[in-house]
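Beneath this line is the structure, given in structure tokens, with notes to follow.
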Amino acid sequence: MFVSILTNTFTVCRDAAGIAGNIFAFGLFVSPIPTFRRIIRNQSTEQFSGLPYVYALLNCMICTWYGTPLISHNNVPVMTVNSIGAVFQLAYIILFIVYADKEKKMRMLGLLLGVFGLLAIIVAGSMQIVDREARWIFVGLLSCGSLISMFASPLFIINLVIQTKSVEYMPFYLSLSTFLMSTSFFLYGIFNFDAFIYVPNGIGTILGIVQLALYFYYKRKSVEDSREPLIVSHA
């Protein structure tokens, strides 16, 4: 009886964390919209890079494949959130290609074909692994590595914030969405006993806390500095 109640509790907590993760991830997916409004308005990609969207697309597709029943059990929220994310990233890439100059167009098209080619190799290669557990470990390691490298990407922004002592280049809501999504899927992975989910999202949670702490520290510091008198009397 106790085991049954505990199992049901874990299931409810897992599902709640998965739903929360899907909701918070939506904040991440829509965050580039202001950038693309500017691109559409100016009819140019200017100095913006399309590489983050290509990488995000690859990450979403690998994680979508990991979440399918062919690879892992009870990971439908992982599959849904990453499939939605892949649609958003693909839309951003298409818009980027439309408004990019000829050189960027060709480069982005080549990278896009490379992403689909790599995914096809991963899918075909993993399906050649007959043993279900070995297949799960293989794709899980790829998914875990992809997530860790994605969560590590803000380290550059963190370093920039510390150097400039300004949060201008670290949007608050983007940092908050990353933290909330990572925390949700960290809990989801814990309740689902899936190290390939809770390990990278645990790292993402820690980095999210660091980003938010830096934001509030330097935001408060800038407010305090702005309150200092422009002319200090030493009389």
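The values are calculated or read from the model by the stated rules, or taken from the named source; none is laboratory data. Note that the structure is a prediction, hence the values are computed from the model and not measured. All Cβ positions, even for glycine, are placed from backbone atoms using ideal geometry, and neighbour counts span all protein chains on display. These accessible areas exclude ligands, DNA and RNA; they are computed on the full protein's heavy atoms, side chains included. Shrake-Rupley method; radii C 1.70, N 1.55, O 1.52, S 1.80 Å.
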May I ask you to verify whether LEU111 is under 20 Å from the mean Cα position of the chain (by Cα), modelled with pLDDT of 90 or more and open to solvent by 40 Å² or more (accessible area, probe 1.4 Å)? yes
Do the conditions hold for SER31, that is, is it at negative phi and either surrounded by 13 or more Cβ atoms within 10 Å (Cβ to Cβ) or of a type outside the set (Gly, Ala, Ser) (or both)? yes
Can you list the helices (runs of 4 or more DSSP H) lying wholly within region 117-235 that have 2 or more residues being at pLDDT 95 or above, out of contact with any helix residue (DSSP H, G or I) (no Cβ under 9 Å at 6 or more places or on another chain) and on the phi > 0 side of the Ramachandran plot? none
Could you tell me whether any residue of region 158-174 is under 14 Å from ALA17 (Cα atoms) and not hydroxyl-bearing (Ser, Thr, Tyr)? no
